[in-house]
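Structure first, commentary second.
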């Protein structure tokens, strides 16, 4: 019998891009591709503001720093033009996923709750073939 995956996932939820200007990035996706872009969402505790580019199969999360000390500020210091910051996979059970990651000695960082109250954690890039991966709980309706 096949063993269940260490970190069960459902889907790719979003790809996050750090941008120097949320307004300019939103305008680019609207004017270049005709995409729908959500209204900005302020996340003061993380010193950032985000907006989602809505596509039929996935979202693109645009992230702008709103103050010093933000992880986005640090990212943009290294990458002034911006770029892909992380991608997000969903799991039906965050506890099982985190336990599975730790069992495989994958460093779990930044665990907490998203701006829309979903439990989440990140896998450290050094343990995830160079990519920062967000794992977010997506409970199925019963």
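The values are calculated or read from the model by the stated rules, or taken from the named source; none is laboratory data. Computed from a predicted model, the values in this text were never measured in an experiment. All Cβ positions, even for glycine, are placed from backbone atoms using ideal geometry, and neighbour counts span all protein chains on display.
Only one of 15, 9 is within 30 Å of residue 103 (Cβ to Cβ), in contact with a strand residue (DSSP E or B) (Cβ under 6 Å, 6 or more places away or on another chain) and part of a loop (DSSP other than H, G, I, E, B); which?
Only one candidate passes the filter, namely 9.
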**Message:** Which count do you get for residues in the stretch 104-133 that are touching a helix residue (DSSP H, G or I) at 6+ places or on another chain (Cβ under 6 Å), over 19 Å from residue 17 (Cα atoms) and surrounded by 15 or more Cβ atoms within 10 Å (Cβ to Cβ)?
**Reply:** 3
**Item:** First in the stretch 113-133 and without any contact (Cβ under 8 Å) to a residue 12 or more places away in the chain, second anywhere and outside any strand (DSSP E or B), Cβ under 9 Å, 6 or more apart
**Value:** 125/131; 125/132
**Asked** Residue check: is residue 67 more than 13 Å from residue 134 (Cβ to Cβ), in contact (Cβ under 8 Å) with a residue 60 or more places away in the chain and more than 13 Å from the chain's Cα centre (by Cα)?
**Response** no
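Have a look at 72, 60 and point out the one that is part of a helix (DSSP H, G or I), within 15 Å of the chain's Cα centre (by Cα) and within 18 Å of residue 134 (Cβ to Cβ).
Details: 60 fails: part of a helix (DSSP H, G or I).
After ruling out the rest, the residue left standing is 72.
Specify which of the listed residues (97, 101, 25, 81) is more than 20 Å from residue 124 (Cα to Cα), out of contact with any helix residue (DSSP H, G or I) (no Cβ under 7 Å at 6 or more places or on another chain), in a helix (DSSP H, G or I) and in contact (Cβ under 8 Å) with a residue 24 or more places away in the chain. Walk me through how you get there before you give the answer.
Working: 97 fails: more than 20 Å from residue 124 (Cα to Cα); 101 fails: more than 20 Å from residue 124 (Cα to Cα); 81 fails: in a helix (DSSP H, G or I).
Just a single option satisfies the conditions, and that option is 25.
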**Message:** Of all residues being in contact with a helix residue (DSSP H, G or I) (Cβ under 6 Å, 6 or more places away or on another chain) and modelled with pLDDT of 95 or more in the stretch 1-19, which is surrounded by the most Cβ atoms within 10 Å (Cβ to Cβ)? Just the residue, please.
**Reply:** 18
**Request:** Confirm whether residue 97 is at pLDDT 95 or above and closer than 19 Å to residue 21 by Cβ.
**Result:** no
**the stretch 40-56, subset without any contact (Cβ under 8 Å) to a residue 24 or more places away in the chain and closer than 22 Å to residue 90 by Cα, residue surrounded by the fewest Cβ atoms within 10 Å (Cβ to Cβ)** = 56
